[in-house]
1. Based on the Cβ-Cβ distance of residue 128 and residue 161, what FRET efficiency does E = 1/(1 + (r/R0)^6) give at R0 = 25 Å, to the nearest 0.05?
2. How far is the Cα center of segment 34-82 from the Cα center of segment 116-149, in Å?
3. Based on DSSP H runs of at least 4 residues, each adding -39500 (n - 2.57), what is the mean residue ellipticity at 222 nm of the chain after dividing by all its residues, to the nearest 500 deg cm²/dmol?
4. Tell me the Rg and the Dmax, in Å, that the Cα atoms of segment 15-173 produce.
5. Can you list residues from other chains, or at least 5 along the same chain, whose modelled amide H is less than 5 Å from the amide H of residue 128?
6. Taking 0.36 nm per intervening residue step and subtracting the Cα-Cα distance, what contour gain separates residue 6 from residue 89 on full extension?
7. Taking H as built 1.01 Å from N, whose amide H comes closer than 5 Å to the amide H of residue 165, not counting residues under 5 places away?
8. Please list, by residue number, everything in segment 1-22 whose backbone N is under 19 Å from a paramagnetic label point 7 Å out along Cα→Cβ of residue 103.
Amino acid sequence: MSNYKALLKHITTFIFDYDGVLTNGTVIINLDGELLRTANVKDGYALKHAVDMGYRIVIISGGRSDSVRLRFKPLGITDVFLFVSNKLEKYHEYIAENNLKPEEILYMGDDIPDYPVMAEVGVASCPADAAEEIKKISKYISPVKGGEGCARDVIEQVMKVQGKWFTDKAFTW
């Protein structure tokens, strides 16, 4: 895990799982059966800043709530793939359509469905509370738990390595 920072200079694309990474994995079910989640505003800032600086942000989730799209629309994130039962298939489709190489991609996942994609990307990463199998294949384990700023952690590290974090664009929302 010690050499992972050298790999960050090649990252152009961040792919995130949703539940357990951009949320803490807890869902509240309202009377209409809708699953409600909470999201971290520091993750939101970093995601928006990354988009503004030209990075691709991709969400791949097995989740079925269209409200997830509402979270990302104001952040400028349009590559939101929900209802995905095979994340590896969606990943292959996405990289082919966008002419990407695995070494350009940082993927952050937290559980077994993320494993196949994480085994192929340039930088596999996970939150502190990820499943043990996911931690074992991660090049970086954030000290931050899912939904508490782990996405901010990896985005900030990549952008700092590339000299794109603390720029004039960082002060606008």
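1. Step by step, r from the Cβ atoms, then E = 0.75.
2. Here the two parts' Cα centres lie 18 Å apart.
3. That comes out to -8500 deg cm²/dmol.
4. 14.8, 47
5. So residue 128 has HN proximity to 142, 144, 145, 146.
6. On the way: separation 83, 0.36 × 83 = 29.88 nm, distance 2.78 nm.
Full extension of this stretch gives 27.1 nm more.
7. Excluding prolines and chain starts, which carry no amide H, the hits are 160.
8. In segment 1-22, the label zone of residue 103 (backbone N under 19 Å from the point 7 Å along Cα→Cβ) covers 1-15.
Any read-out appearing in this document is the output of simple, stated calculations on the displayed coordinates, not a laboratory observation. These figures come from a predicted structure and were not determined experimentally. A quick note on method: Cβ atoms are made from the backbone with ideal geometry, for glycine too, and the neighbour counts reach across all protein chains shown.
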